[in-house]
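Presented below is the structure to which this report refers.
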Amino acid sequence: MDRHLAKYYKEHYPAGTRIMLVHMNDDDPRPIPDGTKGTVNCVDDAGTLHCTFDNGRMLGICPEVDSFHKIEEHEHDNGDDSEDNEHEM
């Protein structure tokens, strides 16, 4: 991943950011189920978002291959999980 993209993810997905996984790459032998919510722990220098998911699993999300979106604060309040900020490559 380009270092500028990695910097973007570090700035826009700081620790504590809530995300929803839309779809994980089919090559993963144990993918996180679509629609699972999680919390970003950190973003590494390669741009991978390391997350703890609400189902207890911990896994890195690769923005170049996995689809996800940030859950905005107002979505926490009213339960809306709209995909306005969906990331998909």
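Read-outs: derived from the displayed coordinates by stated rules, not from any lab. Just so it is clear, the model here is predicted, and its values are computed rather than measured. Don't worry about glycine lacking a Cβ; one is built from the backbone with ideal geometry, like all the others, and counts go over all protein chains shown.
Can you give the convex hull volume per residue for the Cα atoms of the range 3-71, as a whole number of Å³?
75 Å³
When only Cα pairs under 8 Å and 6 or more residues apart are kept, what is the percent relative contact order across the range 3-71?
That works out to 36 percent.
Given H placed 1.01 Å from N in the peptide plane, which residues other than close sequence neighbours of C42 have an amide H under 5 Å from its amide H?
Result for C42 returns H50.
Report the local net charge at N41: Lys and Arg +1, Asp and Glu -1, summed over other residues whose C-beta lies under 13 Å from its C-beta.
Neighbourhood net charge equals +2.
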